[in-house]
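Here's the structure we're looking at; comments come further down.
The values are calculated or read from the model by the stated rules, or taken from the named source; none is laboratory data. Please read all numbers here as calculations on a predicted model, not as lab measurements. All Cβ positions, even for glycine, are placed from backbone atoms using ideal geometry, and neighbour counts span all protein chains on display. These area figures cover heavy atoms from the full protein model, side chains too; ligands, DNA and RNA do not enter into them. Shrake-Rupley method; radii C 1.70, N 1.55, O 1.52, S 1.80 Å.
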Amino acid sequence: MSTERKIRLGNIVYRAPSRIHGNGLFAKVAINKGEYIGTYEGPTARRDGTYVLWVFEDGKEPEGRSGRNLLRYLNHQDEGNAEFYGFDLFALQDIEPHEEITFDYGGWDEI
């Protein structure tokens, strides 16, 4: 991962107390629908735990990363305003400055 991408992430998002849970990730600037926000960075995870993001792709073993950058502060919302494609996060809708960025953690079935 280049330094440029790491610097860019800190220029567009920040961590702050969340009304959803603990700390959350918030937009510093307006983010347009479809815009790349950042990549979930960290070492490969061997088991589930705090800040672990699992990616499931058809025909492949699940891959997990233990988050080490600001994206680890993303909180769950059933209809989040962002979504991961692999480990890359993109805006599902326009996100205003100081709006919390959320995504649907998934992983469980609704009854």
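Side notes on the structure shown:
- Per the conditions (1) at pLDDT 95 or above; (2) among the β-branched types (Val, Ile, Thr); (3) loosely packed, with under 15 Cβ neighbours inside 10 Å, the sole criterion not satisfied by THR50 is (1).
- Tally of residues being open to solvent by 60 Å² or more (accessible area, probe 1.4 Å), hydroxyl-bearing (Ser, Thr, Tyr) and under 16 Å from VAL13 (Cα atoms) across region 56-94: 0
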